[in-house]
Amino acid sequence: MTRPAVGAPLRRCAECGGYEYSGASVCDTCSALVDRIIEDEWSAFRQTWHPDEVPESTLAELVLAEPDRHDWRIVDAAYDRLTCEECGERLSRGPVGCSACDLAHGFRYAAIETDRPGAQPGNEHAVRVNISVVRRPRVTSESELLARRLVLPLLLIGSLPTTEQAQRVSTLIKKAPAAKRARLAEQAVADWIGQAQASGPG
């Protein structure tokens, strides 16, 4: 399954019960769906480079030499195929304090972000930021990770939170007791879902 189309209905994940993609980093099924967004694009891209002749690592290095010439999903996939010489993790996804991964992570934002037809302007940037966060959970606070993963399904269908909506979720997460944080944040996002489905992606 490729990424959801703009305006597509939200679906529940059979494993975690949340909306698909919203469990990324804590639910294996949702994490796999997020990874597919990256991998499907890389697979199509690689077919244009004579895959039997050009090793993946070589192609990844070529992409990362000019990240501003490639879609962000291609750049993220290229990082996944290289190993950080400092920490041994996939490049850009190492632990806090790995200077090589931090540097690589910064360069990823030079990649191309193109809004899809029908999506709200700025949606693609929000999608790529949230996916970057949920794929690097070790370097993100628990509250930010929760907010990013819960809104990801709506971003993927073309919506974008208003400033008020984003502030509401952020405030709830910061002020809520730990035991109630996820439930209250999910309710705030559910309210946004109702508004988004009533008005469409914009």
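The values are calculated or read from the model by the stated rules, or taken from the named source; none is laboratory data. As the structure is a prediction and not an experimental result, all values here were calculated from the model. All Cβ positions, glycine included, derive from the backbone under ideal geometry; neighbour counts span all protein chains shown. Keep in mind that these areas ignore ligands, DNA and RNA; they rest on the heavy atoms of the full protein, side chains included. Shrake-Rupley method; radii C 1.70, N 1.55, O 1.52, S 1.80 Å.
Values as computed for the structure displayed
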{"item": "Matching residues in region 102-119 - criterion: being open to solvent by 70 Å² or more (accessible area, probe 1.4 Å), out of contact with any helix residue (DSSP H, G or I) (no Cβ under 8 Å at 6 or more places or on another chain) and assigned to a loop (DSSP other than H, G, I, E, B)", "result": "P117"}
{"item": "Scope region 42-79; condition among the acidic types (D, E), part of a helix (DSSP H, G or I) and either at pLDDT below 95 or surrounded by fewer than 19 Cβ atoms within 10 Å (Cβ to Cβ) (or both); matching residues", "result": "E56, E61, D68"}
{"item": "Boolean, R93 is in contact (Cβ under 8 Å) with a residue 40 or more places away in the chain, among the charged types (D, E, K, R), in a loop (DSSP other than H, G, I, E, B) and more than 21 Å from S25 (Cα to Cα)", "result": "no"}
{"item": "S99 at pLDDT 90 or above, open to solvent by less than 10 Å² (accessible area, probe 1.4 Å) and not hydrophobic (A, V, I, L, M, F, W, C)", "result": "no"}
{"item": "Residue match in region 167-190 (condition: part of a helix (DSSP H, G or I), open to solvent by less than 30 Å² (accessible area, probe 1.4 Å) and among the small types (G, A, S))", "result": "yes"}
{"item": "Candidates R128, R93, R135, R149, filtered to the one that is under 21 Å from Y21 (Cβ atoms), touching a Ser or Thr at 6+ places or on another chain (Cβ under 6 Å), charged (D, E, K, R) and surrounded by 15 or more Cβ atoms within 10 Å (Cβ to Cβ)", "result": "R149"}
{"item": "Pairs where the first residue, in region 66-90, is touching a residue at least 24 places away in the same chain (Cβ under 8 Å) and the second is of a type in the set (S, T, N, Q), C-beta under 7 Å, 6+ apart", "result": "Y79/S92; R81/S57; L82/S57"}
{"item": "Neighbours by Cβ (under 6 Å, 6+ apart or cross-chain): first from region 164-181, at pLDDT 75 or above; second crowded, with 16+ Cβ neighbours inside 10 Å and among the hydroxyl-bearing types (S, T, Y)", "result": "I173/S143"}
{"item": "Considering residues of region 6-30 that are closer than 25 Å to A119 by Cβ, touching a residue at least 12 places away in the same chain (Cβ under 8 Å) and not in a loop (DSSP other than H, G, I, E, B) only, the residue least open to solvent (accessible area, probe 1.4 Å)", "result": "C30"}
{"item": "Residue in region 146-161 that is modelled with the highest pLDDT, counting only those that are assigned to a loop (DSSP other than H, G, I, E, B) and touching a helix residue (DSSP H, G or I) at 6+ places or on another chain (Cβ under 7 Å)", "result": "G158"}
